[in-house]
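Here the structure comes first, spelled out in structure tokens, and everything after it is commentary.
The values are calculated or read from the model by the stated rules, or taken from the named source; none is laboratory data. Predicted model only: the values in this text are computed from it and were never measured. Positions of Cβ are backbone-derived with ideal geometry, glycine not excepted, and every protein chain shown enters the neighbour counts. Protein only, heavy atoms only, side chains kept; ligands, DNA and RNA dropped before computing areas. Shrake-Rupley method; radii C 1.70, N 1.55, O 1.52, S 1.80 Å.
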Amino acid sequence: MSFETISVIGLGYIGLPTAAAFASRQKRVIGVDVNQHAVETINRGSIHIVEPDLDKIVKIAVEEGFLKAVTVPQAADAFLIAVPTPFKGEHEPDMAYVRSAAESIAPVLKKGDLVILESTSPVGATEQMAEWLAAVRPDLSFPQQAGENSDIDIAYCPERVLPGQVMVELIKNDRVVGGMTAKSSRRASELYNIFLEGECVISNARTAEMCKLTENSFRDVNIAFANELSLICAEQGINVWELISLANRHPRVNILQPGPGVGGHCIAVDPWFIVSQNPEQSRLIHTARLVNDGKPLWVVDQVKATVADCLAESGKRANEIKIACFGLAFKPNIDDLRESPAVYITKMVAQWHVGQTIVVEPNVHELPNSLKDRVELMDVNQALKQADVVLMLVDHSQFKAIHGSAIKQKWVVDTKGVWR
Ligand code: SAJ
């Protein structure tokens, strides 16, 4: 059966682009979100998140009547669940949003529907979701009960798009499809092939769940290796960026870049799902998390030591010393400050420092509440004119464009090797 109406539950960084991609292929899409503001914004043809090109695609989709947003699920032929899966307590995955999304669609499910879980999830989550659905809809059969003959097909299909390039990667990247049955996989592939130019590679639900966690853990472990090297090099008086660029000339070495820590909502979170399910086996993945999470505190210690040098050499009093922090976003050239090590470090520096703390972040016009009372937002030139100590936190292209010779300050902590 072809998919006449597709419903996407959760209209955030993944759900809204996915809904827009289907709608742009002239499919009728019902987007569902509990956030009334998001629903109203989308229905006006606007967007509530920042992602290149998404605004244009959503505007056209809404104007042409292919996309509408609602707060309560309606009947559809396929449901994609793309709600957050944060962690709780000791880094255990919190599946509460997935459960409530599943239970919210249960009343409108009908024989022949396909349900896909896209949210990053621990292994076994898709089977768990199928159990939750079966518990509230005993009149329908599910894959765990009826296999290939089930009334409802269920699959896990993780997203793997890079924030800032979502509309391109959503269409071009290969996609892993893990059905609870072969029929579920086949139907999920048919669904994604509506807009996908990459390949749909079929596996099973548990492997697809682990695949998503593996991709982000791979990146986390590799960044941790670079961050660990940066600590070792600081002890040894070696420039870590020169070292990495030299080592990367080996044909089989490709080290990532150290930085102030790992931010965002994926790489710093997803590896914990593996660790929490497999604490005995995941020693390397666990240690990588600790290495990356420890980096901001190490940077703050570097700042304290640099300010101490500045105090000793400049003859200024501590309250006369101005520290300028360059960058707040969680990675270069975006305005997303959530889970950003740069914000965390700036806050700690401002709390500790008795003098002025300046922030330069060309991608935002307003400081987050956690910083508002403590720091002052300035442009690059003002900050470079006033600061005694400079802290480079995010390698935005505007900062990279500044030549090292323009940095007159003697006291510099450069976590990205931009002004080396
Ligand atoms: N980072 C470094 N050094 C590097 C690369 C990154 O310190 O060499 C830092 C960044 O500054 C940032 C963090 O890592 O703080 C994460 O940035 P990222 O660009 O590595 O990844 P995200 O979080 O924007 O997106 C990741 C992607 N996963 C992989 O590349 C394996 C993306 O494809 C996923 O779809 C996304 O997570 C997700 O939604 O899971």
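General observations
- Under the condition of being out of contact with any Phe, Trp or Tyr (no Cβ under 9 Å at 6 or more places or on another chain) and in contact (Cβ under 8 Å) with a residue 24 or more places away in the chain, the residues counted in region 298-316 number 4.
- Residue 293 vs. criteria within 16 Å of the ligand (Cβ to nearest atom), touching a residue at least 60 places away in the same chain (Cβ under 8 Å) and charged (D, E, K, R): no
- Selected residue (only one of 233, 211 is under 21 Å from residue 276 (Cβ atoms), at pLDDT 95 or above and in a helix (DSSP H, G or I)): 211
- The residues on offer are 196, 140, 191, and the sole one that is at pLDDT 95 or above and open to solvent by less than 10 Å² (accessible area, probe 1.4 Å) is 191.
- Condition met for residue 204 (touching a Ser or Thr at 6+ places or on another chain (Cβ under 9 Å) and more than 14 Å from the ligand (Cβ to nearest atom)): yes
- Count - residues of region 162-185 that are among the basic types (Lys, Arg) and within 17 Å of residue 117 (Cβ to Cβ): 2
- Contact map, region 325-346: first residue within 11 Å of the ligand (Cβ to nearest atom) and open to solvent by 10 Å² or more (accessible area, probe 1.4 Å), second residue of a type in the set (Asp, Glu) and modelled with pLDDT under 95, Cβ cut-off under 7 Å, separation 6 or more or different chains; pairs are 330/336; 330/339.
Conditions tested, residue by residue: (1) farther than 16 Å from residue 295 by Cα; (2) acidic (Asp, Glu); (3) free of Cβ contacts under 8 Å to residues at least 60 places away in the same chain; (4) assigned by TED's automatic domain parsing to the domain that holds residue 147.
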| residue | (1), (2), (3), (4) |
| --- | --- |
| 207 | yes, no, yes, no |
| 211 | yes, no, yes, no |
| 227 | no, no, no, no |
| 233 | no, no, yes, no |
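- Residues that are open to solvent by 20 Å² or more (accessible area, probe 1.4 Å), within 13 Å of the ligand (Cβ to nearest atom) and over 14 Å from the mean Cα position of the chain (by Cα) within region 261-287 are absent altogether.
- Some residue of region 247-260 being buried (at least 19 other Cβ atoms within 10 Å of the Cβ), over 19 Å from the mean Cα position of the chain (by Cα) and in contact (Cβ under 8 Å) with a residue 24 or more places away in the chain: no
Every residue, every condition in (1) closer than 17 Å to residue 84 by Cα; (2) within 22 Å of the chain's Cα centre (by Cα), yes or no:
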position: 5; (1), (2): no, no
position: 8; (1), (2): yes, yes
position: 14; (1), (2): yes, yes
position: 21; (1), (2): no, yes
position: 24; (1), (2): no, no
position: 27; (1), (2): no, no
position: 34; (1), (2): yes, yes
position: 48; (1), (2): yes, yes
position: 52; (1), (2): no, yes
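- Inter-residue pairs, beta-carbon under 6 Å, first part of a loop (DSSP other than H, G, I, E, B) and in region 264-280, second open to solvent by less than 10 Å² (accessible area, probe 1.4 Å), 6+ apart: 267/220
- Of everything listed in (1) open to solvent by 60 Å² or more (accessible area, probe 1.4 Å); (2) closer than 30 Å to residue 289 by Cβ; (3) touching a residue at least 12 places away in the same chain (Cβ under 8 Å), the single unmet condition for residue 28 is (2).
- Total residues in region 154-208 satisfying the condition of being of a type in the set (Gly, Ala, Ser) and in a loop (DSSP other than H, G, I, E, B): the figure is 2.
- Any hit, region 153-173, residues being open to solvent by less than 30 Å² (accessible area, probe 1.4 Å), within 20 Å of residue 6 (Cβ to Cβ), touching a residue at least 60 places away in the same chain (Cβ under 8 Å) and more than 21 Å from the chain's Cα centre (by Cα): no
- Exclusive hit being open to solvent by 20 Å² or more (accessible area, probe 1.4 Å) and either within 30 Å of residue 172 (Cβ to Cβ) or in the same structural domain as residue 192 (by TED's automatic domain parsing) (or both), set 78, 96: 96
- Number of the condition not met by residue 120 [criteria: (1) farther than 20 Å from residue 79 by Cα; (2) part of a loop (DSSP other than H, G, I, E, B); (3) within 15 Å of the ligand (Cβ to nearest atom); (4) open to solvent by less than 50 Å² (accessible area, probe 1.4 Å)]: (1)
- Some residue of region 305-319 being open to solvent by 20 Å² or more (accessible area, probe 1.4 Å), within 16 Å of the ligand (Cβ to nearest atom) and assigned by TED's automatic domain parsing to the domain that holds residue 375: no
- Residue 371 passes every criterion in (1) under 15 Å from residue 388 (Cβ atoms); (2) open to solvent by less than 10 Å² (accessible area, probe 1.4 Å) apart from (1).
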